Amino acid sequence: MKEFCQKWGKRIATPQMLVIAIVTLAASFIGAWLKQYPGLSLLGALIIALIIGMIVQFPLRKWYVGSDQVRAAGVKDAAGLIANKLLRLGIIMLGFKLNLDVLFTTGIKCLPLAAIIVALTVVVTYAICRWLGVDPLLAILVAGGTGICGAAAVMGISGSIKVAKDREEEKSNDEVIAVAIVAIMGVVFALIELFVGPLTGLTDTQLGIIAGGSLHEIAHAVAVGAALGPVGEDMAVIMKLSRVLMLVFAAIIIAIWWDKTKSEVKTDGKRKVAFPWFMLGFIIASILGTFVPFIRVAAPVLVDIAYIILGMAMAALGINVNFSVLLHRGRNAMIASFIASILLVLFVTLLAVMFF
């Protein structure tokens, strides 16, 4: 226990950790403030925080790190620790947003459709990525973000995948690439659905299902749903939260699949699957937020705190991003996500017309 405390104390109690904590907290609050403005609402607080982190790395390097290798290593470690640990805590707390009572009553029809949508989209997107020569790790992260719930899915799935020590930096870069791709695709298709949806002659309910079933981030589904009126917004949110619930099962299945087919982590003969335990925390939080009265009342505040924590994690991720890698490795993955997103919209539209 003493060794554990000493080990983590050396990583946490550093000037660099204080600097990065202040910077990422500020980025998270700025993202939460900016998301209220038209246009930026489509990006959402988490993506704005990521962008701020990507920008702020330059003044950090120039004015704080300089040529000091100790500071450089400390900043990188602090940002990595915040991105990793706070991300898991934020996803757990995001479970308070998931009202199981609504999902299993009003949204009961959406759950099986969400399972089909997520499963097919993840498989198809991964297949397209691999066909275009995208690395398996980046491919599965892009597939998860496209098929489930954007940045939270990318990071949730990444947290369930273990890689060798020498590939940890590559994994971190892939996380940023995948988040950037699903953010861009989400904005593009949200705009398309906003302008094209009303011209199709479909009902507000059907358009809400399409928004919740095909758009990448919760912010995208809410933004498009809000333009459809109360009914369309409710259906968009319910359908989107049904997909969010699938993140738990997807992360577990992907963790097992990755360990059996792709894992490069050396073992002593006994394989240990990187089970995403934080996903159980997500489920527990959703149960407590649904069925425990005083927690249900506090759920909106807890969700706001979750987004602040997630914003810090995203900003920290942006601080460590390698732009040359982002531009070099992201092109084919973006093409794959674009193709998959088109197929996703068409498939969800078909389901909306058939069942709603």
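The values are calculated or read from the model by the stated rules, or taken from the named source; none is laboratory data. Source: prediction; values computed, not measured. Methodologically, a virtual Cβ is constructed for each residue, glycine included, from the backbone with ideal geometry; neighbour enumeration extends over all protein chains shown. Areas reflect the complete protein model, heavy atoms only, side chains present, ligands, DNA and RNA absent. Shrake-Rupley method; radii C 1.70, N 1.55, O 1.52, S 1.80 Å.
All conditions in (1) modelled with pLDDT under 85; (2) over 10 Å from the mean Cα position of the chain (by Cα); (3) under 30 Å from Asp259 (Cα atoms) hold for Ala223, with the sole exception of (3).
In the stretch 104-198, counting only helices (runs of 4 or more DSSP H) that sit wholly within it, the ones holding 3 or more residues that are closer than 23 Å to Tyr307 by Cα and open to solvent by less than 10 Å² (accessible area, probe 1.4 Å) span 136-144, 151-159, 168-196.
Tell me, yes or no, whether the stretch 321-344 has at least one residue that is over 19 Å from Ile184 (Cβ atoms) and in contact (Cβ under 8 Å) with a residue 12 or more places away in the chain.
The initial filter retains those residues of the stretch 321-344 that are over 19 Å from Ile184 (Cβ atoms), namely none.
Looking through the stretch 321-344, none of the residues is over 19 Å from Ile184 (Cβ atoms) and in contact (Cβ under 8 Å) with a residue 12 or more places away in the chain.
Scanning the stretch 11-26 for residues that are part of a helix (DSSP H, G or I) and farther than 21 Å from Asp304 by Cβ, we see that the one that is farthest from the chain's Cα centre (by Cα) is Pro15. Of the candidates Ile218, Ile177, Ile184, the single residue that is over 25 Å from Ser324 (Cα atoms) and touching a residue at least 40 places away in the same chain (Cβ under 8 Å) is Ile218. Only one of the numbered conditions (1) open to solvent by less than 40 Å² (accessible area, probe 1.4 Å); (2) at pLDDT below 90; (3) of a type in the set (Ser, Thr, Tyr) is violated by Thr290, and that is (2). If you check Val244, Val231, Val248, Val237 for being β-branched (Val, Ile, Thr), in contact with an Asp or Glu (Cβ under 9 Å, 6 or more places away or on another chain) and assigned to a helix (DSSP H, G or I), only one passes: Val231.
For the stretch 27-86, a residue qualifies if it is in a helix (DSSP H, G or I), surrounded by fewer than 21 Cβ atoms within 10 Å (Cβ to Cβ) and of a type in the set (Ser, Thr, Tyr), and the qualifying residues are Ser41, Tyr64. Note on the stretch 43-80: residues that are more than 21 Å from the chain's Cα centre (by Cα), farther than 15 Å from Val321 by Cα and of a type in the set (A, V, I, L, M) total 2.
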